[in-house]
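For reference, the structure is listed below as structure tokens.
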Amino acid sequence: MSVYKSLTTSDVILTPFKVNKSFSFQGASAITASNVGIDRFRGKNITYISGSDTTGQIKTQSQALIYNSIKQLYYTNYLSSSNGSSANIPIINPDSTITANGGSNQPMYENYLSNTLLANRVFPTGSNDVIGVMSIPSNLFGEYIKPGTFSYINSIAAYTDDGEGGLISGSTKVGDIIYKHGMAIMTANNLAHTNRFVLDSNITCSFQSTMTIHESQYKCTLNPNEFTYTQNPSAITGSSNSGVVYDFLTGSYFQPYITTVGLYNNANQLVAVGKLSQPLQSSNVTDTTILVNLDL
């Protein structure tokens, strides 16, 4: 009788599923703590001058660069229209010549849309226009912020996401949230509200992160003639090293109880231990199957 038994690929089922974790922070000092790292920036449509017009509570950045970066990443297709402006793709002909503006209309940039519905993105482009940006680090939001869970409250307004990528204050859309980048962007171009969005210390911020967990299910099947010897030291007669069991354990009627299942790697190193809620008696007439679930 072998102590170990190999598993085949048919004995293992790998199932991915999404899990969420809630975060809530009270006060500006809480979001800028070293173990949190949520930063807020003001972007402004001005000429970049190195070392001037800076913003940021954790890491200092240029307001001009914040404005231009946000515009480039998330709004380049929506500067002339809130519904998006597409480029006409050229056609490459069979003779390798190119017919300009002959193909279908396609967006010029990625812009990280949350869905395929109407984008409805608006970005202020006037001189000295301002935006507010909250940047949540990936170690908090995981793969993405769970849609519909973002909330940010300061001393004059409350902001939530609508579950479709819009940042809402009351019933008014004031910006956008990029779930998979952890970015909340206020584009309403209201200086007073933008300054509060970026600088207010009396705040509450909450959201849920999303991660993919892989659950492995191992089917451990014992045939009737396997694992018929008990490992319980109280079953040994004489010294614990003798290996001689009591007479009543040697009969054909004896079936040991199973209390623990160990999973080993190819080097016979123990990597996981499963404990049964109550001892399970093995059968000498039929297979015994134990399912072990392991979340990774």
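At-a-glance table
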{"item": "Selection from region 188-211 of residues that are over 25 Å from the mean Cα position of the chain (by Cα), over 16 Å from PHE25 (Cβ atoms) and among the hydroxyl-bearing types (Ser, Thr, Tyr)", "result": "THR194"}
{"item": "Region 36-55: number of residues that are under 16 Å from GLY182 (Cα atoms) and surrounded by fewer than 18 Cβ atoms within 10 Å (Cβ to Cβ)", "result": "1"}
{"item": "PHE23 being touching a residue at least 60 places away in the same chain (Cβ under 8 Å), farther than 21 Å from ARG196 by Cα and either exposed (fewer than 13 other Cβ atoms within 10 Å of the Cβ) or within 29 Å of the chain's Cα centre (by Cα) (or both)", "result": "yes"}
{"item": "Among the candidates PRO147, PRO137, residue that is closer than 24 Å to SER62 by Cα, under 22 Å from the mean Cα position of the chain (by Cα) and surrounded by fewer than 21 Cβ atoms within 10 Å (Cβ to Cβ)", "result": "PRO137"}
{"item": "First in region 145-163 and within 21 Å of GLY27 (Cβ to Cβ), second anywhere and β-branched (Val, Ile, Thr), Cβ under 6 Å, 6 or more apart", "result": "PHE150/ILE177; SER151/THR160; ILE153/THR204; ASN154/ILE203; THR160/ILE168"}
{"item": "Conditions (1) over 25 Å from GLY165 (Cβ atoms); (2) open to solvent by less than 70 Å² (accessible area, probe 1.4 Å); (3) free of Cβ contacts under 8 Å to residues at least 40 places away in the same chain: number failed by ASN68", "result": "(1)"}
{"item": "Yes/no for SER29 being small (Gly, Ala, Ser), modelled with pLDDT under 95 and under 30 Å from ASN128 (Cα atoms)", "result": "no"}
{"item": "Tally of residues being among the aromatic types (Phe, Trp, Tyr) and closer than 21 Å to THR149 by Cα across region 197-236", "result": "2"}
{"item": "Residues (in a loop (DSSP other than H, G, I, E, B) and touching a helix residue (DSSP H, G or I) at 6+ places or on another chain (Cβ under 9 Å)) located in region 59-90", "result": "LEU79, GLY84, SER85, SER86"}
{"item": "Residues of region 251-296 classified as touching a residue at least 40 places away in the same chain (Cβ under 8 Å), open to solvent by less than 40 Å² (accessible area, probe 1.4 Å) and in a strand (DSSP E or B), total", "result": "5"}
{"item": "Residue check, THR15 open to solvent by 90 Å² or more (accessible area, probe 1.4 Å) and either part of a strand (DSSP E or B) or touching a helix residue (DSSP H, G or I) at 6+ places or on another chain (Cβ under 7 Å) (or both)", "result": "no"}
{"item": "Within region 179-237, tally of residues that are open to solvent by 50 Å² or more (accessible area, probe 1.4 Å), in contact with a helix residue (DSSP H, G or I) (Cβ under 8 Å, 6 or more places away or on another chain) and of a type in the set (Phe, Trp, Tyr)", "result": "0"}
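The values are calculated or read from the model by the stated rules, or taken from the named source; none is laboratory data. As the structure is a prediction and not an experimental result, all values here were calculated from the model. Ideal geometry is used to build each Cβ from the backbone, glycine not excepted, and the neighbour counts take in all protein chains shown. Protein only, heavy atoms only, side chains kept; ligands, DNA and RNA dropped before computing areas. Shrake-Rupley method; radii C 1.70, N 1.55, O 1.52, S 1.80 Å.
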